[in-house]
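The values are calculated or read from the model by the stated rules, or taken from the named source; none is laboratory data. What you see is a predicted model; the values in this text were computed from it and never measured. Cβ sites come from the backbone with ideal geometry, for glycine too, and all protein chains shown count toward neighbours. Side chains are part of the model used for accessible areas, which takes the heavy atoms of the whole protein and leaves out ligands, DNA and RNA. Shrake-Rupley method; radii C 1.70, N 1.55, O 1.52, S 1.80 Å.
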Amino acid sequence: MEETRRKIWAQYAFLLLACCFFSQLYATSDVKFYESFDEAFDGRWIVSEKEDYSGVWKHAKSEGHDDYGLLVSEKARKYAIVKELDNVVDLKDGTVVLQYEVRLQDGLECGGAYIKYLRPQEAGWTAKGFDNESPYTIMFGPDKCGATNKVHFILKHKNPKSGEYVEHHLKFPPSVPADKLTHVYTAVLKPDNDVLILVDGEEKKKANFLSSDDFEPPLIPAETIPDPEDKKPEDWDERAKIPDPDAKKPDDWDEDAPMEIEDEEAEKPEGWLDDEPEDVDDPEATKPEDWDDEEDGEWEAPKVDNPKCAEAPGCGEWKRPMIRNPAYKGKWHAPLIDNPNYKGIWKPRDIPNPDYFELDKPNFEPIAAIGIEIWTMQDGILFDNILIASDEKVAESYRKSAWKPKFDVEKEKQKAEEEAESGGLKGYQKLVFDLLYKVAGVPFLGEHKTKVLDLLEKAEKQPNITVGVVVSVVVVVFSVLLKLIFGGKKQQPARASAETENTDGAETSTSNSQAAEEKEEQSEDAGAAPRRRTRRDN
């Protein structure tokens, strides 16, 4: 009996091992190409010897990991490197998955991080002569510069009628993630002519190769085109509305009346200082010791608001304010009526397109090599885990095992750094405090500003009392507003003058701390442009 059990268990073990073996064999057969860059790329990848491509590739670790990748090491360079496949990959049968990781360790302001999947060398290229003219089948990956911000997917397809290769660009591709984390880009070419674009395993775009809505230009030309020989008749009227030919301008319509006139009822406020300028030389400003009249010109003291104007309704020449002219009507135009001769918008008639052809499936060229040919203003771009497979599940397994652990570590580190930069505050709390500090700077708070700032400083050290602080600040601001509206001494305009600094170096303002800061800046820099006071109209 015991011997029988042993045989049964041995058979089970054999079957289990066989299943594992064939499962692994099956999975391996689904991988057409894989590059982990665990080992140096020298001898396996060939760097272009073209003169323009002077960027130096390096075998380097991803920042914060022991995982190696292919690194773009210099800024403002062109880079080109290629890896010939052991076996050509046919894209015409079954599913094909193109996947790779890229990390923009220093961000990406202007440059590419895409991959080109090259045609066989019979198409006219060499590894050492690899450049931007080398013929490819698919170009895929992130690209960002100026208005460009997208994950490219370009199919270079042979027109069966003309024999020319045409670049067909995916319309409305996803944008490039705006961070410095490792991201994995996946393109899935399916046998039903669909293509899926995934970023970090999440589907961002689904398109069909044969749809004119998804590719520009479309792979299949339009069946009809506008007749290039068709011309619009001379008497064709496209105006839907026309001025009423029977309308006449009213006799009392004055086209020359101005839009605004002076307010004749306005009177100059009592106490207006006509002879006082709005700005005067800063009496506390002194000529810098290193000022050279010959080189720098005659020194002039910076201007400050005239203190005499603070006690008066205004200074300088008084002018009547402008009001809207009740007689203003502007230029007269005849009212529009329906055009009796309107024929609609003209367009040429359609004719059969001589370049039209039908297509059941794209005529994919095979992939014989993988090339990275980019121009970038950034260094620190790291390529890793380049995969070509025939099964989406295989690509998913590589994402889980090779990409996800790195991404999670980087994400946690980024989160910790963001919290450290904000003093331990959560994102929403930081936004709240930024807003509260702006509120504390409004001029009408006056002596209450110190109280508000004390509250904010205390709350930043104890983020759990944020809500209470918000309520307190609102109460203070609301109270000051009520006092200004219903009573109390009228707040004087912000002045540039300030009281002397106290022994601790803290400044006290007569009416506005912000004005005191402006005054301090003007005293330190005599050449600074003065802040101008606007003239009051009444």
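Ordering of 371-378, 69-76 by packing is 371-378, 69-76, highest average first (other Cβ atoms within 10 Å, averaged per residue). Working note: Karplus 6.51/-1.76/1.60 with θ = phi - 60° gives region 354-368 the couplings x, 9, 6, 8, 9, 8, 8, 9, x, 8, 5, 7, x, 9, 10 Hz, where Gly and Pro are set to x.
Scanning residues 5 or more positions from residue 145 or on other chains, those with amide H under 5 Å from its amide H are 111, with H placed 1.01 Å from N in the peptide plane. Fully extending the segment from residue 289 to residue 145, taken as 0.36 nm per residue of separation minus the present Cα-Cα distance, adds 47.1 nm. For region 204-213, backbone phi angles converted through the Karplus equation (6.51, -1.76, 1.60; θ = phi - 60°) give residue-by-residue couplings of 10, 7, 10, 9, 10, 4, 9, 8, 6, 7 Hz, Gly and Pro being listed as x. Given a Förster distance of 30 Å, report the FRET efficiency between residue 454 and residue 420 from their Cβ-Cβ distance, rounded to the nearest 0.05. E between residue 454 and residue 420, to the nearest 0.05, is 0.75. Hey, for a label at residue 409 modelled as a point 7 Å past Cα toward Cβ, could you say which residues of region 63-98 have their backbone N under 14 Å away? Counting only backbone N, you get 63-69. Remark: region 139-281 carries a charge dipole of roughly 3220 debye about the Cα centre, counting +1 on each Lys and Arg Cβ and -1 on each Asp and Glu Cβ. Ligands, DNA and RNA excluded, the heavy atoms of residue 68 present near 70 Å² of accessible surface to a 1.4 Å solvent probe. The distance between label points at residue 438 and residue 227 comes to 6.1 nm (points 7 Å beyond Cα on the Cα→Cβ vector). Checking the cross-link pairs 205/231; 83/158; 156/231; 78/158; 180/393; 128/393 against a 30 Å limit on the alpha carbon distance flags 205/231; 156/231; 128/393 as lying beyond it.
Proximity of backbone amide H atoms, modeled 1.01 Å from N, is registered between residue 268 and no other residue at under 5 Å, excluding neighbours fewer than 5 places apart on the same chain.
With R₀ fixed at 41 Å, the C-beta to C-beta distance from residue 359 to residue 34 puts the FRET efficiency at about 0.80.
Calculate, in nm to one decimal, what residue 132 and residue 73 gain on full extension: separation in residues at 0.36 nm each, minus their alpha carbon distance. Could the numbers behind the result be given before it?
Details: separation 59, 0.36 × 59 = 21.24 nm, distance 1.99 nm.
Going from the current span to full extension adds 19.2 nm.
Coupling constants for region 83-94 follow from the phi torsions by the Karplus curve (6.51 cos²θ - 1.76 cosθ + 1.60, θ = phi - 60°), and in residue order they are 10, 7, 7, 5, 10, 5, 9, 8, 9, 7, 10, x Hz; glycine and proline get x.
Ranked highest first by the average count of other Cβ atoms within 10 Å around their residues, in what order do 388-395, 238-245, 95-102 fall? Walk me through the numbers on the way to the answer.
Numbers: 388-395: 19.5, 238-245: 11.8, 95-102: 24.6.
Listed from highest to lowest mean packing, they are 95-102, 388-395, 238-245.
Here each label is just a point 7 Å from Cα along the line to Cβ, and for residue 275 and residue 331 those points are 4.9 nm apart.
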